[in-house]
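Accompanying notes for the structure given below.
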Amino acid sequence: MSDDVKPCPCGLGNDYSQCCGRYIDAGELPERPEQLMRSRYTAFVMQNSAYLQQSWHESTRPVQLEFEQGVSWFGLQIVDCQAGKVDDEAWVEFIAQFKGNDRLQSLHERSRFVREQGRWQYVDGQIHQQPGAEKIGRNAPCPCGSGKKFKRCCG
């Protein structure tokens, strides 16, 4: 990979500028709810509150977003994508892994999206409870998938 190629955090293995960067930086509109979900995950990784706010439906959008200090996101897994009874409503179920307080944790959510005037937006989500957070050992493989030990990578 050349120095100017940056892998996209969304997990598809593409260059950021050709993947979620098209939506976050270039202003292209996602055509499918999964694309919006992936770009929103990437915006969380990058702590880009402006993109998160503009992709959030006005009926549920918070006034401001604050990111938790010390949280590192490690990966996104899309579990399921479903269209609703109309083509302008959809759900994306995902699991996002993160490290917080030196523990590996995950967020499992079924997110609802609506399309208004050709633009998909996040509305809300149902969070599935996850088992307790698992402590990451210093010599354990890093959960980011680098192949390095945790203490030499993200620890």
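The values are calculated or read from the model by the stated rules, or taken from the named source; none is laboratory data. If you're wondering where the values come from, they're calculated on a predicted model, not measured in any experiment. Here Cβ is always computed from backbone atoms with ideal geometry, including for glycine, and neighbour counts include all displayed protein chains. Protein only, heavy atoms only, side chains kept; ligands, DNA and RNA dropped before computing areas. Shrake-Rupley method; radii C 1.70, N 1.55, O 1.52, S 1.80 Å.
Evaluating Tyr41 against the criteria (1) in contact (Cβ under 8 Å) with a residue 40 or more places away in the chain; (2) of a type in the set (Ser, Thr, Tyr); (3) touching a helix residue (DSSP H, G or I) at 6+ places or on another chain (Cβ under 8 Å) leaves one unmet condition, (3). Within region 4-16, residues that are closer than 21 Å to Phe94 by Cα sit with their Cβ atoms under 9 Å from residues that are in a loop (DSSP other than H, G, I, E, B) and of a type in the set (S, T, N, Q), at 6+ positions apart or across chains, in these pairs: Pro7/Asn14; Cys8/Asn14.
Checking the structure you have, find out if any residue of region 122-129 is open to solvent by less than 40 Å² (accessible area, probe 1.4 Å), out of contact with any Cys (no Cβ under 7 Å at 6 or more places or on another chain) and in contact (Cβ under 8 Å) with a residue 60 or more places away in the chain. Yes, region 122-129 contains at least one residue that is open to solvent by less than 40 Å² (accessible area, probe 1.4 Å), out of contact with any Cys (no Cβ under 7 Å at 6 or more places or on another chain) and in contact (Cβ under 8 Å) with a residue 60 or more places away in the chain.
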